[in-house]
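Asks: Let me begin by handing over the structure; questions about it come next.
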Amino acid sequence: MSNGRWQFWVDRGGTFTDIVAKTPDGGLRTHKLLSENPERYADAAIQGIRELLGVASGQAIPVERIDTVRMGTTVATNALLEHKGEAVLLVTTRGFGDALRIGYQQRPNLFALDIELPQMLYAEVLEVGERIAADGEILQVPDAVQIRADLQTAYDKGLRSVAILFMHAWRYPQHETLVAEIARAIGFTQISVSHAVSPLIKFVGRGDTTVVDAYLSPVLRRYVEQVARELPDTKLFFMQSNGGLTHADHFQGKDAILSGPAGGVVGMVQTAQAAGFDKLIGFDMGGTSTDVCHFAGEYERTLESHIAGARIRAPMMQIHTVAAGGGSILHFDGQRFRVGPDSAGANPGPAAYRRGGPLTITDCNVMLGKLQPDYFPQIFGTEGNEPLDVDAVRVKFDSLAERSRSLTPETIAEGFLAIAVENMANAIKKISVQRGYDVSEYALCCFGGASGQHACLVAEALGMRKVLLHPFAGVLSAYGMGLADVRHILTRSVEATLESRLLENLGALREELAAEAATHIRDQGVDTSHLRHETRLYCRYAGSDSSLLIGWDGEDVAAIRAAFEEAHRQRFGFVTAEKAVVVASIEVEGIAGEE
């Protein structure tokens with residue numbers, strides 16, 4: 001309900017910021033701006049709200065006319081990719097200061113002679129003399145006086161963000177709590193403790209997640225405060241990577257990596273199901289990248305992600321991203337064509353955007369007549385009111401044709417498009433065919449500003465016969481913000497063999513987590529009268545390391561094992577009946593839906 005006031009649903013992407021506004025009379029309006037246009041505005045989301053409300057720049061936004069603002073943002077994603085987060089002090093158990101640097105000793109490029117380790121996100125490491133054994137026995141008590149002195153030294157150097165990671169703290173957090181209290185007393189403004197950020201076994205994954213949270217949360221908080229200053233006393237919610245909304249005060253760095261794309265998945269599912277489709281391949285092509293996802297009845301999430309060299313253990317929508325967007329730059333070295341992975345972004349943007357940008361995929365479509373200036377938003381040039389520049393695109397393609405000596409400008413544009421389509425089709429195969437799904441049974445749900453230009457080409461490359469384009473396809477990620485529920489997901493390690501006596505413990509843990517999720521949602525000022533919970537188990541074979549997610553609604557051991565083996569056969573093609581099944585962790589999701 002809008003209560004006679006406006007609602008704004010915003011997706012701040014890498015190239016464009018999309019806004020869907022619900023007017024006081026219940027109608028829907030869409031708006032699109034370049035995410036970066038420093039000559040005209042400081043923040044695209046705020047500028048879009050101003051323009052929809054008819055408020056001039058410099059004037060205060062009449063917040064009494066606004067009910068809620070729901071937003072997905074790439075702020076945290078960009079900070080991680082560009083390594084522009086907060087300087088972090090890592091506090092860890094003595095002897096484990098280089099554990100995150102060592103990681104799991106994986107070699108992604110097995111035959112590479114020059115091995116480049118990912119850049120660490122923490123600036124300094126403080127090793128603390130403390131140790132709790134796996135069974136809870138305290139082997140070494142930390143020296144609070146020494147810890148205070150060491151933390152004060154780091155604080156005096158200018159560090160304000162701390163990530164605290166101790167051995168076995170996921171189960172025995174008392175030493176982490178002690179150090180956090182000391183850091184808070186000294187004045188550290190961001191304190192991330194591993195037992196709260198990622199209460200799961202595995203030291204490296206838990207540690208990386210904690211560091212990421214400490215690295216990104218301050219950046220995120222500054223952006224949230226910037227928006228909140230323009231919209232005082234407004235209900236402000238942000239989209240999390242897991243597909244659920246959370247109040248701005250509860251938005252954390254570890255949950256913000258896929259903030260925008262997650263809104264697109266929610267929008268895709270909600271609109272496609274309303275149209276009668278239940279098997280979907282999501283194809284979200286924006287200006288900077290293409291996100292693809294799979295849906296067959298329930299949201300697919302992953303607990304472990306590897307993004308920009310960092311291992312993150314937090315529930316996220318299972319989205320695969322490739323560097324193929326409308327702004328992907330075209331390269332020709334005199335012998336071969338290459339698309340991306342670099343992007344022209346919003347500034348300068350493609351050549352057609354009148355800011356002196358390079359040739360991109362968008363320019364290919366302009367060259368071939370698939371994008372017509374008369375039907376494209378006139379938001380370019382220094383004043384943001386000019387159409388696409390077709391002449392600049394043609395001049396640049398003519399120059400490429402002269403260098404190639406034998407190809408026409410149109411042939412060159414078609415060649416670059418074919419490369420981009422193949423890249424996107426391969427990305428879809430990765431999340432479907434390679435996981436045992438027959439894409440010919442699915443509908444290709446296309447959204448994002450550039451997907452409609454390539455929908456039929458991608459579907460043809462994959463042998464798909466159905467393409468779904470919603471009327472709001474160009475702004476579906478923003479529309480998804482309005483269709484999403486407030487959600488809170490809690491995960492706890494179990495690490496126990498699946499047997500009858502375990503189910504009683506799981507039931508008690510489920511109730512505990514459900515109550516905690518309900519309290520968290522209620523504290524955000526959200527109505528919980530229609531709150532529901534979903535419970536899932538991460539299961540694996542004893543001796544293996546690959547956990548699969550199984551829905552659990554109180555079923556017995558046989559039913560859980562049957563569901564696990566069905567999922568295992570689907571994913572890996574076999575089952576091992578003689579092996580025990582281990583419940584690695586339990587996940588409870590609180591959903592504040594409507595009746």
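Asks: Can Glu51 be described as within 22 Å of Phe238 (Cβ to Cβ) and out of contact with any Cys (no Cβ under 8 Å at 6 or more places or on another chain)?
Replies: The answer is yes for Glu51.
Asks: Ok, one more. When you go through (1) hydrophobic (A, V, I, L, M, F, W, C); (2) surrounded by 17 or more Cβ atoms within 10 Å (Cβ to Cβ); (3) not in a strand (DSSP E or B) one by one for Ala558, which number turns out not to apply?
Replies: Condition (2) is where Ala558 drops out.
Asks: Another question about this same structure. For the structure I just gave you, tell me whether Ile312 is at negative phi, among the aliphatic types (A, V, I, L, M) and free of Cβ contacts under 8 Å to residues at least 60 places away in the same chain.
Replies: no
Asks: Can you tell me how many residues in the range 229-240 are open to solvent by less than 40 Å² (accessible area, probe 1.4 Å) and modelled with pLDDT under 90?
Replies: 2
Asks: Also, quick follow-up: Out of (1) within 17 Å of Arg94 (Cβ to Cβ); (2) touching a residue at least 12 places away in the same chain (Cβ under 8 Å); (3) of a type in the set (Ser, Thr, Tyr), the odd one out for Ser192 is which?
Replies: (1)
Asks: Restricting attention to the range 208-228, which residues are polar (S, T, N, Q) and modelled with pLDDT under 90?
Replies: Residue satisfying the conditions is Gln226 alone.
Asks: Does Arg94 meet the test of being out of contact with any Phe, Trp or Tyr (no Cβ under 9 Å at 6 or more places or on another chain), within 28 Å of Phe188 (Cα to Cα) and without any contact (Cβ under 8 Å) to a residue 24 or more places away in the chain?
Replies: Criteria not met by Arg94.
Asks: May I pose another question? Which of the helices (runs of 4 or more DSSP H) found entirely inside the range 1-110 contain at least 3 residues meeting this: open to solvent by less than 50 Å² (accessible area, probe 1.4 Å)?
Replies: Correct list: 44-53, 75-81.
Asks: Contact list please: Cβ distance under 8 Å, first residue in the range 316-333 and of a type in the set (Val, Ile, Thr), second residue assigned to a loop (DSSP other than H, G, I, E, B), pairs at least six apart or on different chains.
Replies: Ile319/Leu258; Thr321/Ser289; Val322/Ser289; Ile329/Ala344; Ile329/Pro358; Ile329/Leu359
Asks: Follow-up. In the set Thr302, Thr246, which member is modelled with pLDDT of 90 or more and either surrounded by fewer than 24 Cβ atoms within 10 Å (Cβ to Cβ) or within 17 Å of the chain's Cα centre (by Cα) (or both)?
Replies: Thr246
Asks: So, in the range 516-543, of the ones that are open to solvent by less than 40 Å² (accessible area, probe 1.4 Å) and of a type in the set (S, T, N, Q), which residue ends up farthest from Arg561 (Cα to Cα)?
Replies: Gln524
Asks: In addition: Would you point out the residue of the range 411-460, among those that are among the small types (Gly, Ala, Ser), farther than 30 Å from Tyr375 by Cα and more than 24 Å from the chain's Cα centre (by Cα), that is least open to solvent (accessible area, probe 1.4 Å)?
Replies: Ranking the qualifying residues of the range 411-460, first place goes to Ser440.
Asks: Now a separate question. Being more than 30 Å from Lys84 (Cβ to Cβ) and charged (D, E, K, R) is the filter; apply it to the range 249-285 and report the residue that is surrounded by the fewest Cβ atoms within 10 Å (Cβ to Cβ).
Replies: Here the residue is Asp278.
Asks: In addition: Please go through the range 286-297 and pick out each residue that is surrounded by fewer than 24 Cβ atoms within 10 Å (Cβ to Cβ), of a type outside the set (A, V, I, L, M) and at pLDDT 85 or above.
Replies: Passing the criteria: His294, Phe295.
The values are calculated or read from the model by the stated rules, or taken from the named source; none is laboratory data. Predicted model, so just to flag it, every value in this text is computed and none were measured. With ideal geometry, Cβ positions are generated from the backbone for all residues, glycine too; neighbour counts draw on all protein chains shown. What goes into the accessible areas is simple: the full protein's heavy atoms, side chains included, and nothing from ligands, DNA or RNA. Shrake-Rupley method; radii C 1.70, N 1.55, O 1.52, S 1.80 Å.
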